[in-house]
Amino acid sequence: MNFNRRRFLEVLALAGITLPNISVAQEKEANEAEGEFSFLVPAYLQNQTETGVSIFTILSKEAFAWLEILDNAGNVHKKIYQSEDGMINANTDFFHFTIEDAPRSFRYRIKAKEVQKFDPYKIVYGQDIETTIFEAKLAKSDQEQIRCLVYNDVHEEKSSYHDLIPNQDIAPYDFFVMNGDSFHYVTNQQDITEKLLKPIEFFATSKPFIMNRGNHETRGSFA
């Protein structure tokens, strides 16, 4: 699907729906509380603008996390934290990093420290983890054409996200669109991670996606 470049940013702004803030660890059973500290969803890209992009990550436990932009040699060029009203976000399992001036191609990774105790005057950290290094590739505003791939009515057929890509090659596409009814219904956070975010990880770590709500996304207790 081709878009005139003048319409590209308007399409992203008008059609895009950012996935809701999801807190996976809060719903875990008590017997899972001592499980492994890990990334449930290492990274996914959304909210691309002419200059910026957002990168999200979801962890299995409350943590303190940050994003590192790397140079070609793997050295840290810039660290980005999630902050609001001057306070850096921590002690949560969901992080949203905003890169205001994102290069059109850049390498990045996300690091996290498990927060075992968060008292007013004492914070106890646990294990440190990090993702692999990803490479984001974003469309330029002066491209003559923009290409995207649109998914309709996937209805939890998770293999379809990969199978429907011609030649299994994501390189020609600048972004992806979930155009409604990715689910039958949504009853908890795990539905989103297991039925959408993990199956699209193969492109969502490098290319942004837009989520449009279908009638089935309005069904279920977590809609």
To make sure I understand the rule: partners must be aspartates and glutamates, Cα under 20 Å from the Cα of LYS137, and not fewer than 8 residues away in the same chain. Which ones qualify?
GLU10, GLU50, GLU68, ASP71, GLU100, ASP101, ASP169, ASP174, GLU201
Burial ordering of THR57, THR187, THR92, fewest other beta-carbon atoms within 10 Å first:
THR187, THR92, THR57
Could you give the size of the charge dipole of the range 145-218 about its Cα centre, using +1 on the Cβ of each K and R and -1 on the Cβ of each D and E, expressed in debye and rounded to the nearest 20?
200 debye
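Listed here are the pairs LYS78/LYS195; LYS79/LYS122; LYS111/LYS207; LYS140/LYS195; which of them are more than 26 Å apart at the Cα? Show your work: numbers first, answer last.
On the way: LYS78/LYS195 33 Å; LYS79/LYS122 24 Å; LYS111/LYS207 20 Å; LYS140/LYS195 30 Å.
Cα-Cα > 26 Å for LYS78/LYS195; LYS140/LYS195; rest within.
By count of other Cβ within 10 Å, fewest leading, how are VAL41, VAL150 ordered? Each step should come with its number before you reach the end.
Details: VAL41 22, VAL150 13.
Arranged by neighbour count, lowest to highest, VAL41, VAL150 become VAL150, VAL41.
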Quickly work out the GLU144-to-LEU164 label distance, labels modelled 7 Å from Cα along the C-beta direction, and quote it in nm with one decimal.
2.9 nm
Sequence neighbours fewer than 8 away in the same chain don't count; with that in mind, list the lysines whose C-alpha is under 22 Å from LYS117.
LYS28, LYS61
Classified through the alpha carbon gyration tensor (a ≥ b ≥ c as square roots of its eigenvalues; rounded if a/c is under 1.5, else prolate when a/b is larger than b/c, else oblate), the range 127-223 comes out oblate
Efficiency of FRET from Cβ geometry, GLU84 and ILE123, R₀ 25 Å, rounded to 0.05:
0.85
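Among SER206, SER83, SER160, which comes first, second and so on when ranked by fewest other beta-carbon atoms within 10 Å? Provide the component values of the computation, followed by the final result.
On the way: SER206 19, SER83 12, SER160 15.
Ordered by Cβ neighbours within 10 Å, fewest first: SER83, SER160, SER206.
Read-outs throughout are calculated quantities, based only on the coordinates presented, and are distinct from any laboratory measurement. Computed from a prediction, not measured in an experiment: that's the story for all the values here. Counting neighbours? That spans all protein chains shown, and the Cβs are built from the backbone with ideal geometry, glycine included.
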